[in-house]
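The values are calculated or read from the model by the stated rules, or taken from the named source; none is laboratory data. Everything numeric here is computed off the predicted structure, so don't read it as measured data. Heads up, the Cβs are rebuilt from the backbone with ideal geometry, glycines too, and the neighbour counts pull from every protein chain shown.
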Amino acid sequence: MKITVTDDFPACAAIRRRVFIEEQNVPEELELDDLDATAVHLLATQDGRPVGTARLLIEGETAKIGRVAILPELRGTGAGAALMRAALDELRARGVTMAKLGAQTHAIGFYERLGFTVYGPEYDDAGIPHRDMSLAL
């Protein structure tokens, strides 16, 4: 699998549409927002086919990793962990010292295995329970 910073937003949006809008029933107007225009987008490909994406919102030394999505057929293969490690490497290379994210509660264990720590209360985001997490880089 290859993971790169990309300008191919349509490929990223197609993965997000399949995972968040079609699979998880997130309204399109919440999923695709104005922040996409200024975000750094990562695209994971396997054999040249887009299979995963994440976006990085960087503000100084802090960044939020969001819209982490892997196509269903690649879940459980390590693709998501590889995508997250690439995201963290990209943030470190850009001088970021604190990574944050809003994790769907079912995915907290996945992010904890990558070193993230939960903080704050559970909250609803697009009808899905979430918790905030952070990782010092």
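Looking at Glu122, Glu73, just one residue is surrounded by fewer than 12 Cβ atoms within 10 Å (Cβ to Cβ), modelled with pLDDT of 95 or more and either polar (S, T, N, Q) or over 23 Å from Cys12 (Cα atoms) (or both), and that residue is Glu122. Which of (1) out of contact with any helix residue (DSSP H, G or I) (no Cβ under 7 Å at 6 or more places or on another chain); (2) among the β-branched types (Val, Ile, Thr); (3) closer than 17 Å to Phe116 by Cα; (4) surrounded by 15 or more Cβ atoms within 10 Å (Cβ to Cβ) does Thr97 not meet, given it meets every other one? The number of the failed condition is (4).
Note on region 1-40: residues that are touching a residue at least 24 places away in the same chain (Cβ under 8 Å), among the polar types (S, T, N, Q) and closer than 27 Å to Gly95 by Cα total 2.
Can you tell me which residue within region 103-137, out of those that are under 19 Å from Glu23 (Cβ atoms) and part of a loop (DSSP other than H, G, I, E, B), is nearest to the chain's Cα centre (by Cα)? Taking the candidates together, the pick is Ala126. Of the residues making up region 103-119, those that are of a type in the set (Val, Ile, Thr) and surrounded by 14 or more Cβ atoms within 10 Å (Cβ to Cβ) number 2. Restricting region 22-39 to residues that are hydrophobic (A, V, I, L, M, F, W, C) and buried (at least 17 other Cβ atoms within 10 Å of the Cβ) leaves a set whose member that is farthest from the chain's Cα centre (by Cα) is Val26.
Out of Leu135, Leu43, Leu56, Leu83, one residue alone is in contact (Cβ under 8 Å) with a residue 24 or more places away in the chain and over 17 Å from Asp8 (Cα atoms). It is Leu135.
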